[in-house]
Amino acid sequence: MLKNRDLPSSSEVKAHQRIIVLNAEITAANQDYHQFDAPRISDAEYDALKQELLAVETAFPSLKSADSPSEKVGAPASEGFSKVKHRVPMLSLENAFDEGDVGDFEDRIRKYLGYQGALDFTAEPKIDGLSLSLRYEGGELVSAATRGDGAVGENVTTNAFYISDIPQFIDSAPPVLEVRGEVYMSHGDFAALNARQTALSDKLFANPRNAAAGSLRQLDPLVTKARPLRFFAYAWGEVSAPLAGTQFDAIEKLAAYGFVTNPLMRRCDGVTALLAHYEEIAHMRADLGYDIDGVVYKINDLALQERLGFRAATPRWAVAHKFSAELAWSELLGIDIQVGRTGALSPVARLRPVTVGGVVVSNATLHNQDYIAGRSSKGALIRQGGDIRIGDHVQIYRAGDVIPKIKDLDLAKRPAWSVAFVFPEHCPECGSVALREEGDAVHRCTGGLICPAQAVERLKHFVSRGAFDIEGLGAKQIETFYHDTLLPVKTPADIFTLQARDAVHLLQKLQNRDGFGAKSVTNLWSAIDEKRTIAFEKLIYALGIRHVGEASATLLARHYGDYPQLEDAMMAATPHQGPVWDDLLSIVGIGAVLANSVIAAFQSSAERAAIQALVRELTILPTQAVAQSGSPIAGKTVVFTGSLERMTRAEAKARAERLGAKVAGSISAKTDCLVAGSGAGSKAKAAQALGILVLDEAAWLALISDI
Ligand code: IVH
């Protein structure tokens, strides 16, 4: 019989479940990274998973699985390459994330050695590439192998012959010499490779590490040959005679043999010096021209390294002090102004490319004029008022993995030639005046549809999901058609006249035109035809009127029912006065700013002409109030006033709408019913005066209760 204490405690059960999940996630991430060269989580997320697994395993050692990924390096060598067994295992490094971890690293070493005297280290960049082990026998390169799972790697010897940093022969080398280091791709070569891939419509690489891995792990060595890879030597495996007495001298020896070693390796006499060098390297990171993701500290004395030895997968004598994954320094090369769909001028930072959280970043948002000048939208100082200038060293972060932003500036590094950025007063695309309205942080181009940038962005919005969503006609094709001289698409209506205009089947003949073949042209015509019939609310949304999103488009559609009613009302409306304005504002959810924007769109003759030309091409399905058959309030306009006791106003409104009613904010001749909660005042009187049905909360609930 099981005694109570034999049963696992609930925390043990939870820990076990967590270990299973973490094992699975880490194993999958290892495969994505090492075998498929296609990571799906950032390095920081990966590190966090591993840290958590280590913590749970430390707390519950009995739960640790025999093949725990906390003790593994990389992933098994993939099929396709022959295998190489490493005579000395290729290990990984333990990570340190802050100064405390670095202090702990030193303390552990001292404790292990029982030593309180001076300790020398080396510190050098941690190259973000993939490790390679090169075996020389009698000075001749006989094998090159990837790390694989640390014990067995992939044989990429032929490919290594095409990496010019790797010597094929070494003069006066020891009989056996295994040199280890990192294969990587420079930023310049990475950009050029991706540009070539784009030209060939081939797969793009997410970052230089993936590009390097994808280029080295090629079964066809000619592919490797065409990809410029580089190699830094920083360690060794089997050697028939010791290279030197210290790490530093051993690396110098490798340099003397003809290997490229990293020029930023320094000797450091303690943690303070290590951290100082870390800061220095962190600041140089953006200018190095290749990716690094931290600084590696190693005990300099090789006799001490020998004494310290290894844990399961990592040496005790080294640690990788990682950079915070979401932050990186770069240089501001320029400021471009992009013009959006509604004419907003958005300043964009052009950066020297830098990897932030596993993704190469070369742009960041600069928001608006105030942000660049060092002020928030409310006038408060940001960055202590430091303005952002071209030439500045800027710190980049990725907020929630979306558009990169600038976190900080290094004013000490500001070049003498830099000048304050002058925000343009004119649209860079069409030259129209760019106005900054009172209370608005944004400059807006006043060119409307004559502005090509606005026109293209509006067309992209028009075909986007939620709007017309025309298959085969996305942002890329819109760009092409917009600039096309023979079959241009300048306004939404042009999309629907395209086929008729192409009487001579030009599109079909231009087989090579951006992704258009004979079949896709036929498909495009039917995809366009399919959308000639469109729901009224989708049409309103697709027009891309400023402030009108999907929800407000639906409100407008429900209120006006069909297109002619909307157009008539907007043409008759006067902002801020009269019954049409009041009626528009009576729609709950439609405010004055949005109402003004819709009226302005219809009352501008150019805009109206474009809308009318479009409408002529379409069959617009009227919007019914969401009628529920049998609902006594379907199609009725209901107004709520006073406070309800049984439900919130929002809930009451949602419920009424579900039953097919329109809920308005104020009483008008169109109101069918007023629901008056307690404390109802003037509205109840107004309704009674108009002869409108007034219900109290109980009567209202009774009316809708059995539905
Ligand atoms: S020393 C016993 N030095 O980082 C381990 N590794 O996360 C010897 N790496 O597997 C490795 N730069 O692929 C060392 N300067 C450097 C490095 C470096 C990059 C890689 C290496 C290693 C991994 C550990």
In contact with a strand residue (DSSP E or B) (Cβ under 9 Å, 6 or more places away or on another chain), within 15 Å of the ligand (Cβ to nearest atom) and in a loop (DSSP other than H, G, I, E, B), is that true of G153? no
Based on this model, can you work out whether A212 counts as hydrophobic (A, V, I, L, M, F, W, C) and either over 30 Å from T246 (Cβ atoms) or modelled with pLDDT of 95 or more (or both)? yes
Residue list for the range 139-163, restricted to those being surrounded by fewer than 22 Cβ atoms within 10 Å (Cβ to Cβ) and free of Cβ contacts under 8 Å to residues at least 40 places away in the same chain: G139, E140, L141, V142, T157
Answer residue from the range 254-275, given it is in a helix (DSSP H, G or I) and either aromatic (F, W, Y) or away from the ligand (no atom under 16 Å from the Cβ) (or both) and is nearest to L119 (Cα to Cα) among those: V271
With the checklist (1) away from the ligand (no atom under 15 Å from the Cβ); (2) closer than 28 Å to P228 by Cβ in hand, flag the one item G294 doesn't pass. (1)
Residues that are part of a strand (DSSP E or B) and not aliphatic (A, V, I, L, M), drawn from the range 354-366: T355, S362, N363, T365
Tell me yes or no: at least one residue of the range 58-80 is in contact with a Ser or Thr (Cβ under 6 Å, 6 or more places away or on another chain) and either at pLDDT 85 or above or not in a helix (DSSP H, G or I) (or both). yes
Restricting the first residue to the range 391-415 and requiring it to be modelled with pLDDT of 90 or more, which pairs with a second residue that is assigned to a helix (DSSP H, G or I) and surrounded by 13 or more Cβ atoms within 10 Å (Cβ to Cβ) meet a Cβ separation below 7 Å and a spacing of at least six or different chains? H393/K413; L409/R383
Answer yes or no: is there a residue in the range 589-602 that is in contact (Cβ under 8 Å) with a residue 12 or more places away in the chain, in contact with a helix residue (DSSP H, G or I) (Cβ under 7 Å, 6 or more places away or on another chain) and farther than 30 Å from G544 by Cβ. no
Exactly one of E326, E306, E331 is surrounded by fewer than 17 Cβ atoms within 10 Å (Cβ to Cβ) and either out of contact with any Asp or Glu (no Cβ under 6 Å at 6 or more places or on another chain) or in contact (Cβ under 8 Å) with a residue 60 or more places away in the chain (or both), and that one is E306
Across the range 102-138, what is the total count of residues that are assigned to a helix (DSSP H, G or I), under 37 Å from the mean Cα position of the chain (by Cα) and within 16 Å of the ligand (Cβ to nearest atom)? 2
Report yes if some residue within the range 207-217 is within 20 Å of S82 (Cα to Cα) and in contact with a helix residue (DSSP H, G or I) (Cβ under 7 Å, 6 or more places away or on another chain); otherwise report no. yes
In the range 380-394, the residues that are buried (at least 19 other Cβ atoms within 10 Å of the Cβ) and within 11 Å of I335 (Cβ to Cβ): I388, R389, D392
Number of the condition not met by M185 [criteria: (1) out of contact with any Pro (no Cβ under 6 Å at 6 or more places or on another chain); (2) away from the ligand (no atom under 13 Å from the Cβ); (3) among the hydrophobic types (A, V, I, L, M, F, W, C)]: (1)
Using the structure shown, decide if S143 is within 12 Å of the ligand (Cβ to nearest atom), more than 30 Å from L327 (Cβ to Cβ) and either part of a strand (DSSP E or B) or aliphatic (A, V, I, L, M) (or both). no
Evaluate the following for E567: is it at pLDDT 95 or above and closer than 30 Å to R658 by Cα? yes
For the range 181-202, give me the residue count where each residue is within 14 Å of L229 (Cα to Cα), among the small types (G, A, S) and outside any loop (DSSP other than H, G, I, E, B). 4
How many residues are assigned to a helix (DSSP H, G or I), under 19 Å from S133 (Cα atoms) and out of contact with any strand residue (DSSP E or B) (no Cβ under 7 Å at 6 or more places or on another chain) if we restrict to the range 212-225? 5
Looking only at the range 291-301, which residues are crowded, with 19+ Cβ neighbours inside 10 Å and farther than 23 Å from R209 by Cα? K298, I299, N300
Residues that are among the acidic types (D, E), in contact (Cβ under 8 Å) with a residue 40 or more places away in the chain and either over 18 Å from G589 (Cβ atoms) or crowded, with 20+ Cβ neighbours inside 10 Å (or both): does the range 547-555 have at least one? no
I'd like to know if the range 319-331 contains one or more residues that are of a type in the set (V, I, T) and within 22 Å of A151 (Cβ to Cβ). no
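Can you name the residue in the range 570-592 that is in a loop (DSSP other than H, G, I, E, B) and not small (G, A, S) and is also modelled with the lowest pLDDT among such residues?
For the range 570-592, the residue satisfying everything is V588.
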Considering only the range 658-695, how many residues are free of Cβ contacts under 8 Å to residues at least 60 places away in the same chain and among the charged types (D, E, K, R)? 4
Do we have any residue at all in the range 471-478 that's out of contact with any Lys or Arg (no Cβ under 7 Å at 6 or more places or on another chain) and touching a residue at least 60 places away in the same chain (Cβ under 8 Å)? no
Taking the criterion of being in contact (Cβ under 8 Å) with a residue 24 or more places away in the chain, surrounded by 14 or more Cβ atoms within 10 Å (Cβ to Cβ), closer than 16 Å to K298 by Cβ and within 16 Å of the ligand (Cβ to nearest atom), would at least one residue in the range 78-90 satisfy it? yes
L304 meets each of (1) more than 12 Å from the ligand (Cβ to nearest atom); (2) within 37 Å of the chain's Cα centre (by Cα); (3) at negative phi with one exception, condition (2)
Of the conditions (1) over 30 Å from the mean Cα position of the chain (by Cα); (2) over 30 Å from F310 (Cα atoms); (3) not aliphatic (A, V, I, L, M), D202 satisfies every one except a single condition; which number is it? (1)
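The values are calculated or read from the model by the stated rules, or taken from the named source; none is laboratory data. Since this is a predicted model, take the numbers as computed values, not measurements. Quick reminder, even Gly has a Cβ in these numbers, built from the backbone with ideal geometry, and neighbours come from all protein chains shown.
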